[in-house]
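One structure, as structure tokens, below. Some questions next.
The values are calculated or read from the model by the stated rules, or taken from the named source; none is laboratory data. Keep in mind that what you see is a predicted model, and the values were worked out from it rather than measured. Glycine gets a Cβ as well: all are built from the backbone with ideal geometry, and neighbour counts include every protein chain shown. All accessible areas refer to the heavy atoms of the entire protein, side chains included, with ligands and DNA or RNA removed. Shrake-Rupley method; radii C 1.70, N 1.55, O 1.52, S 1.80 Å.
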Amino acid sequence: MENVLTTHGLVKRYHKFTALDGLSMNVPKGSIYGFVGRNGAGKTTLIRLICGLQFATEGSFTLYGMESGSGEISKARRRMGAVVETPSIYLDMTAEDNLKEQYRVLGLPSFKGISELLKLVGLENTGKKKARNFSLGMRQRLGIAIALCGDPDFLLLDEPINGLDPQGIIDIRELILKLNRERQITVLISSHILDELSRLATHYGFVDKGRIVKEISAEQLEKECRKCARVSVSDTKKLATVLDTFGLEYAVIDERTADIYGEISITKLIDALKNAGCELFSVNEHDESLEAYFINLVGVGENG
Amino acid sequence: MVRLLRANFARLWKTKSFWVCLILAFALALANFLSTYSVQPQCVEKLGRELMSGGMNVVLFLSISAALFLGTDYSNGTIRNKLVIGHTRAEIYFSNLVTTAASGVIMLAASWTGVLITGLCLGGKLGMPVGEFFMYMLISVCAAVAISALFNVIGMLISSKSTIVTITLVSTFVLMIGAAVIMSMLAAPEYVQGYEMSVNGGVVLSEPEPNPSYVSGAKRDIMTAVNDILPSGQFVQLEMGSVHSPEFMPLYSLGVLAAATAVGALAFRRKDLK
């Protein structure tokens, strides 16, 4: 499969702190690549390096086959759009003026396509309203619209749903899916909101302490995610004692809920729980979440 | 870079702070001229000198305008939009330099326009040879460009808008006050005439005595050179009507422009941006 972006052992050090520690990854063409990691794992640092905002201490990357150290990388970046951390917009300009400014920066011969872009991100009715008066969601969508000026093939979105309300999250999700499906734009999206990412991503790269721990397709991930039984009981402490006697693997979710992995005999479990004085309310088949997969992969760290 | 210049000038045109500074530069120069005219109507006979007297006011307004313009790209994060789509850092640096320098020259022209039109309407004359007048205009333009280069270094290397504004304003005041102090020290006479009261009540002049405040020797040479080289020193000399070495001043300004741009562009090339 052709890769849009490949990184080779990227290292980025800030004085004594190592943000990226030999990060190597591959973003396949046409994918929505979920870049998953805790806060401080190195997600934003990687995006800054790709965008040319910062320089790697060691290692390199290729973007559309162009080496990061070569002069050609600027040409490759012309095929790219990005929203890094906060949306990059002029707050004292309207949405339309912001797009016009980016058209000029790109050197596009006319402003044709601006109304379509505004419509695409749902900002066609903002009129003369200045961006400083926009909601966070509107600013985020304007940031994406600016990143889309010049019809990029590759979009980098750094935590695009941070701080958004539920409707804003849905809007951004639908927009990303639309861009990927209708315009065949490859998207690299960094996030630590795993539930949301699991609704979008076709590929994942799990990053921890500045290194890629695992790269996997969504399809493969689904296969690898273990099935479990989610049980609701009156007391998970008593449930844990019972499960220990059965030698079963489990994860306690809260005081009344737990996930049990592996084959279990419901009849034996009910009997054992009854003897332990624990009531069983419900049992449901449940897939291991992306979150659980990630935790299993990188362990519960200082932030976990 | 042409694309970035188009984008910069379009944004400058829509920036309120630029227009406010431009109008203030125009209004203050005119107000100063009218104030002088009300006391000394004959000042219209030396319109050329009056035109050259408002350079430092322009520098003050330019410092505010440039700091806000350059700082906005950092505070709004829009500098990223330029880098992400493949513009080089050199292109970004030089396009901002050209924009800042152009806004300085525009403000200078605005400050001259009001005085010139009003002065001519009042029957004024240039009051100096045309060649000399154009030389002074060239010195002013070059000094404005050189000082823009200094503001551009600050605006491109500091990532916080409020810090850019603060440092630019402080630098402007330091340059202005420093140039004025140097100029006044250099203007001190070498000898001072003492007065003595005679026995019959009359006043007689004593023998001239060396002035302890007079700056001499190498210190005088250095201070003279500093005031000739720094754009603020050139503006103060133009304002006071005692230009030391007019033929070299544009070259000094070009030197300041080249040095500041070399330092700024090299440092910006490796700067980590967020």
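Would you please state the base-10 log of I(q)/I(0) at q = 0.06, 0.08, 0.09, 0.12 1/Å for the protein assembly as shown, with intensities from the Debye formula using one equal scatterer on every alpha carbon?
Result of the Debye calculation: -0.48, -0.71, -0.82, -1.15.
How many angstrom lie between the C-alpha centres of region B:196-274 and region A:240-296?
The two parts, judged by their Cα centres, are 84 Å apart.
Further question on the same structure: In Å, what Kirkwood hydrodynamic radius results for chain B from the alpha-carbon pair distances? Mind dumping the intermediate values first?
Numbers: mean 1/r = 0.0488 Å⁻¹.
Answer for chain B: a Kirkwood hydrodynamic radius of 20.5 Å.
Something else about it: Hey, rough spin-label estimate for A:L91 and A:H286, points 7 angstrom out along Cα→Cβ, what's it come to in nanometres?
Inter-label distance under the simple model: 4.3 nm.
Can you list the residues, at least 5 places off or on another chain, whose amide H is less than 5 Å from the amide H of A:T94, using H built in the peptide plane?
A:A131
Sticking with this one: Pull up all non-local amide H partners of A:S24: gap of 5 or more, or a different chain, and H-to-H distance under 5 Å with H placed in the peptide plane.
A:G9, A:L10, A:I212
Zone of A:K129 (label point 7 Å along Cα→Cβ, backbone N under 11 Å): which residues in region A:89-109?
Zone members listed by number: A:95.
While we're on this one: Tell me which of B:G77, B:A149, B:P129 sits at the most positive position along the dipole axis of region B:2-269, charges placed on C-beta atoms (Lys, Arg +1; Asp, Glu -1).
B:G77
Continuing with the same structure: If you keep only loop residues by DSSP, which GluC sites (Glu not before Pro) in region B:155-251 have at most 12 other Cβ atoms within 10 Å of their Cβ?
Those that pass, being in a loop and sparsely packed, are B:E190, B:E247.
Can you find, among B:T168, B:V236, B:I92, the residue farthest towards the positive end of the dipole of chain B? Put +1 on the C-beta of Lys and Arg, -1 on that of Asp and Glu.
Sorting the options by dipole projection puts first B:I92.
Put +1 on the Cβ of each Lys and Arg and -1 on the Cβ of each Asp and Glu in region A:75-141; which of A:S135, A:S88, A:G107 then has its Cα farthest toward the positive end of the dipole?
A:G107
On to the next question. A:K75 versus A:R226, label points 7 Å from Cα toward the beta carbon: distance in nm?
Placing both labels 7 Å along Cα→Cβ, they lie 5.1 nm apart.
In nm, give the distance between the simple-model label positions of B:M185 and A:H15, each being 7 Å from the Cα along the Cα-to-Cβ direction.
Result: 3.7 nm between the two label points.
Given chain A, report the % of alpha carbon pairs whose separation exceeds 26 Å.
Of the Cα pairs, 54 percent sit more than 26 Å apart.
Right, another one. Of A:K16/B:K161; A:K75/A:K100; A:K130/A:K209; A:K119/B:K274; A:K130/A:K214, which pairs sit farther than 32 Å apart, going by alpha carbon to alpha carbon?
A:K130/A:K209; A:K130/A:K214
Please list, or write none, the lysines whose alpha carbon is within less than 24 Å of the alpha carbon of A:K238, excluding same-chain residues fewer than 8 places away.
Filter leaves A:K227, A:K268, A:K274.
At a probe radius of 1.4 Å, figure out the B/A buried accessible area, summed over both chains, and give it in Å² to the nearest 100.
Values: alone 13980 and 15750 Å², together 27030 Å².
Its buried surface, counting both partners, is about 2700 Å².
Given Cα pairs under 8 Å that are at least 6 residues apart, what percent is the relative contact order of chain A?
Once normalised by length, the contact order is 20 percent.
Test of understanding: what is the full-extension gain from B:I177 to B:F9, defined as 0.36 nm times their sequence separation minus their Cα-Cα distance?
Value of the extension gain: 57.3 nm.
Moving to a separate point now. What is the dipole size for the protein assembly as shown, taken about its Cα centre, with +1 at each Lys and Arg Cβ and -1 at each Asp and Glu Cβ, in debye to the nearest 20? List each step's numbers first, then the result.
On the way: 56 positive and 55 negative charges, 209 e Å.
That gives the protein assembly as shown a dipole magnitude of about 1000 debye.
Let me ask you something else. What residues of region A:58-76 lie in the reach of a label at A:K29, counting those whose backbone N is under 20 Å from a point 7 Å from the Cα along Cα→Cβ?
From region A:58-76, the list is A:61-68, A:72-76.
Quick one: check the C-alpha center-to-center distance for region A:155-178 versus region B:90-123, whole angstrom.
45
In debye, nearest 20: dipole of region B:63-161 around its Cα centre with unit charges on the Cβ of K, R (+) and D, E (-)?
Result for region B:63-161 is approximately 200 debye, rounded to the nearest 20.
For region A:33-54, which residues drop by 10 square angstrom or more in accessible area between the chain on its own and all protein chains together (1.4 Å probe)?
Buried by 10 Å² or more upon assembly, which counts only protein chains, are A:R48, A:C51, A:G52, A:L53, A:Q54.
Given a 1.4 Å probe and heavy atoms of the protein chains only, how would you sort B:M240, B:M128, B:M185, largest accessible area at the top? The partial results should precede the final answer.
On the way: B:M240 100, B:M128 40, B:M185 70 Å².
The residues order as B:M240, B:M185, B:M128, largest area first.
Assuming 0.890 mPa s and 25 °C, estimate D for region B:132-203 with Stokes-Einstein, Rh taken as the Kirkwood radius over Cα pairs, in µm²/s.
After rounding, the answer is 151 µm²/s.
Separate question: How about region A:114-170: which trypsin sites (Lys or Arg not before Pro) there are in a DSSP loop, with at most 15 other Cβ atoms within 10 Å of their Cβ?
Those satisfying the criteria are A:K128, A:K129.
At 222 nm, what value in deg cm²/dmol follows for chain B if DSSP H runs of at least 4 each add -39500 (n - 2.57) and the sum is divided by all its residues, to the nearest 500? All intermediate terms of the calculation are to be shown ahead of the outcome.
Numbers: 11 runs with 200 residues, N = 274.
Calculated mean residue ellipticity at 222 nm is -25000 deg cm²/dmol.
Expressed as a rounded percentage, what relative contact order does chain B have, with Cα pairs under 8 Å and six or more residues apart?
Values: 362 pairs, mean separation 70.7, N = 274.
It rounds to 26 percent for chain B.
Any idea what the dipole of region B:2-269 comes to, in debye rounded to 20, about its Cα centre with Lys/Arg Cβ at +1 and Asp/Glu Cβ at -1?
The dipole magnitude comes to about 1660 debye.
To continue, here is another question. Stretch B:Q193-B:T36 to full length: gain in nm at 0.36 nm per residue minus the Cα-Cα span? Walk me through the numbers before you get to the answer.
Working: separation 157, 0.36 × 157 = 56.52 nm, distance 3.08 nm.
Length gained, B:Q193 through B:T36: 53.4 nm.
Still on this structure: Run through region A:1-98 and list the GluC sites (Glu not before Pro) located in a DSSP loop whose Cβ has at most 12 other Cβ atoms within 10 Å.
Counting only loop positions with at most 12 other Cβ atoms within 10 Å, the GluC sites (Glu not before Pro) in region A:1-98 are A:E2.
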